1. Return the long-range amide H neighbours of F152 (sequence gap of 5 or more, or a different chain), with a cut-off of under 5 Å between placed amide H atoms.
2. Please give every one of the aspartates and glutamates within straight-line cross-link reach of K249, meaning a C-alpha to C-alpha distance under 18 Å, and leave out same-chain neighbours fewer than 8 residues apart.
3. Say the dipole of the chain comes from +1 at the beta carbon of Lys and Arg and -1 at that of Asp and Glu; which of L79, S288, L39 then lies farthest toward its positive end?
4. How far is the Cα center of segment 334-405 from the Cα center of segment 216-238, in Å?
5. Which option, (1) 1.17; (2) 0.98; (3) 1.00, is the value of Rg/Rh (Cα atoms, Kirkwood Rh) that was calculated from these coordinates?
6. How do 336-343, 79-86 rank on mean C-beta neighbours within 10 Å, highest first?
7. Taking the Cα centre of the chain as origin, work out the dipole magnitude from +1 charges on Lys and Arg Cβ and -1 charges on Asp and Glu Cβ, in debye rounded to 20.
8. So what is the 222 nm mean residue ellipticity for the chain from helices alone, if each DSSP H run of at least 4 adds -39500 (n - 2.57) and you divide by all residues, rounding to the nearest 500 deg cm²/dmol?
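No value in this document is a laboratory result; all are computed from the given coordinates. Every value quoted in this text rests on a predicted model; they were computed, and no experiment measured them. Virtual Cβ from ideal backbone geometry, glycine too; neighbours counted across all protein chains shown.
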Amino acid sequence: MKKRIILPLMIIILILLVPSVLGVAIGVNKAALSYENVLRNGYAEDTVMISTDTSEEIGIERDVTGDIKDWIRFEPEVLTISGQKPGALKIIIEPPGDAANGLYQGEVRLLTTPIIQTQSGKIGSAIRTSFVLKVTIDVTGDEITSCTSGGFSLKDAEITYPLIFTANIKNTGNVRIRPNFEIDIWNQDQTELITTSSFTHQTDILPTTIETITKEIEDLNLDSGQYWADVKSLLCGETALKTFSIVDKGEIVDKGEILNVKNKLWTRVGDIVPIEVVFKNTGSRVESTKIKGTIKLGDEIIKLIDTDAIDVGPGETTSLETFFNPQMEGQYHINVRVLYNNKLTFWKQSILNAVSNEEFEQRMNALKMKNLPFIITLIIIIIVILLLLILIKKKKHRRKHSKHY
């Protein structure tokens, strides 16, 4: 009898002695880090996100082992996290100049700071949770210059104000870089080159890092209106076409975009084909919109598109429509843009194939035959479902009938 009482009592006491901090856990979004082609006396970095399930703030300490022990530093030096506030830890690698080429390995142990908890003022314990990151570093003596660029942007500006250019650059090589750019500015119809601006970023971008650069382009002397810009990231070898507006002081900037161009892919020669252009007014006032564009067969322009204007309210999406009647067989290229309040969207393209009546019928029949297995399968599924429903209904009816008797 005493044993039956003592054993549960001991279990209860042990449970009470275990501090609640034992439930504290940390999570890391990466289990291993690999740094490739790191130059001697060079630089490389990576970032891990650390989270926890406790509502209390806890510190994160670091312990490094292996060949790389003296090559690693961390930012920030002091990091605290909680359940509501995960933390980002940057792990920076800087191999010394006398490091031999090759692979180096080590570990970074992430530990919570000791949390001391007492029970009834008598018993205390210090609990630490840890997570081990495997780290591999490939050291090389070859210099690699490489980068990627994107996120090009030219902000609309008031007349006489500088044009603000931004871009995101990622250094994918192992040496510091200073990317250079060339921007050709064209008139609204993209028929006349207005000016060219060139510049080089004035600070180094370290290997493996991403930086958003901003440049004020001054003394362009542009009149009010819409312009197009061919942006070239010369070092990274990437280009983009952007548009921007110069407006008078206090003037509202109109904005809009084509979401989609819809038309049949195949049609008969002589049929009238509707072409639907879906436009969204992303500005803050009503915009008068119309379709502008061309339809080409090969290099020959078959039709110029210029529709009547339709008003589109701010935030609204509408379908603008035009029609085309192909008179010859072939593949037609439809190139359209929307003119809205005297501004032009980017071009959008679509394809229309015009064939003889005989070929059109053959294609439609082939399409029907292609869909026939799906239709038969669908019919079988519907029949099976109906039969199951009938069987279930009959069973319910029998049960009800048997209960009645």
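1. N168
2. D156, E158, E218, D219, D223
3. L79
4. Between the Cα centre of segment 334-405 and that of segment 216-238, the gap is 49 Å.
5. (1)
6. Details: 336-343: 19.8, 79-86: 14.4.
The peptides rank, most packed first, as 336-343, 79-86.
7. Computed charge dipole of the chain: roughly 4340 debye.
8. Numbers: 2 runs with 64 residues, N = 405.
Computed mean residue ellipticity for the chain: -5500 deg cm²/dmol.
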